[in-house]
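Right, one structure below, let's go through it.
The values are calculated or read from the model by the stated rules, or taken from the named source; none is laboratory data. The structure displayed is predicted, hence computed values, not measured ones. In this analysis, Cβ positions are derived from the backbone assuming ideal geometry, glycine residues included, and neighbour counts consider all displayed protein chains. For accessibility, only protein heavy atoms count, side chains too; no ligands or nucleic acids. Shrake-Rupley method; radii C 1.70, N 1.55, O 1.52, S 1.80 Å.
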Amino acid sequence: MVLRLYLVRHGETAASREGGYSGSGNPPLTEAGQQMAQALADTYAGLDWQAAYVSPMLRAQETAQPLCQQAKLSMRIRDGLREIDFGVWEDRTPDEVMASHQQDYLHWLAEPAWNPPTGGESAVVVASRVSLVIQEITETIADGNVLVVSHKATLRILLCNLLGIDLGRYRDRIAMPVASLSILSFDQHGPCLERLGDRSHLPPELRDRAGT
């Protein structure tokens, strides 16, 4: 018996396209982001799904909606899956943050596990809340496929935490492009990363779009 988590980062937003920090903000998907969500559904809706766990943020729910509709799944909204809170850095670019909060920014770049964005969350805090969602899934679903739709930092932190990678390196060790799929399986040996950052379900014109 194997439980597989299909970890999906939401599709494109204006913030992911332009490169600003977007955590607690709630932008919708762009038109391209909606196309990404539909491509995900067209490729994977036919799997035998057990459940769908989704961040409460609009961009995550819009990404999950086409697949959930086609697969007749109800979204289980979990606050633990929301994006890291960037505090006062929200909607600012790295250059703007460097200019206004240089010391906090340099500390965060050096050790984001314990040093949060100004007024925001550290990776340790995010790991704590997202681990509760993973614990809920693994304790209530023994095997099968589970959709998890979340965000760039949250998913990278989740993977580092489960795979024994230093949380302070989550920004350096794990790539997570928009609308990408990673697969994490659980068996008697624990979590195993089977796929990371896959976007083969997207047509070339969506895969090749610039963004973060």
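For the reader, a short list of remarks on this structure follows.
- For the stretch 137-162, filtered to residues that are of a type in the set (D, E, K, R) and farther than 24 Å from ALA179 by Cα, the residue that is most open to solvent (accessible area, probe 1.4 Å) is GLU139.
- The residue pairs whose first member lies in the stretch 44-67 and is under 17 Å from GLU83 (Cα atoms) and modelled with pLDDT of 95 or more, whose second member is open to solvent by 20 Å² or more (accessible area, probe 1.4 Å) and of a type in the set (Asp, Glu), and whose beta carbons are closer than 9 Å, counting only pairs six or more residues apart or on different chains, are TYR53/GLU136; SER55/ASP79; PRO56/ASP79.
- Looking only at residues of the stretch 35-58 that are in contact with an Asp or Glu (Cβ under 9 Å, 6 or more places away or on another chain) and within 21 Å of ARG156 (Cβ to Cβ), we find that the one that is surrounded by the most Cβ atoms within 10 Å (Cβ to Cβ) is MET36.
- Within the stretch 113-153, tally of residues that are in contact with a Ser or Thr (Cβ under 8 Å, 6 or more places away or on another chain) and closer than 15 Å to ARG173 by Cβ: 2
- Remark: pairs (first residue in the stretch 101-113, touching a residue at least 60 places away in the same chain (Cβ under 8 Å); second residue open to solvent by less than 50 Å² (accessible area, probe 1.4 Å) and assigned to a helix (DSSP H, G or I); Cβ separation under 6 Å; 6+ apart in sequence or on different chains) are absent.
- Residue tally, condition assigned to a helix (DSSP H, G or I) and of a type outside the set (A, V, I, L, M), over the stretch 6-39: 8
- Every condition in (1) over 17 Å from the mean Cα position of the chain (by Cα); (2) modelled with pLDDT of 95 or more; (3) of a type in the set (S, T, N, Q) is met by ASN161 except one, and the failing one is (1).
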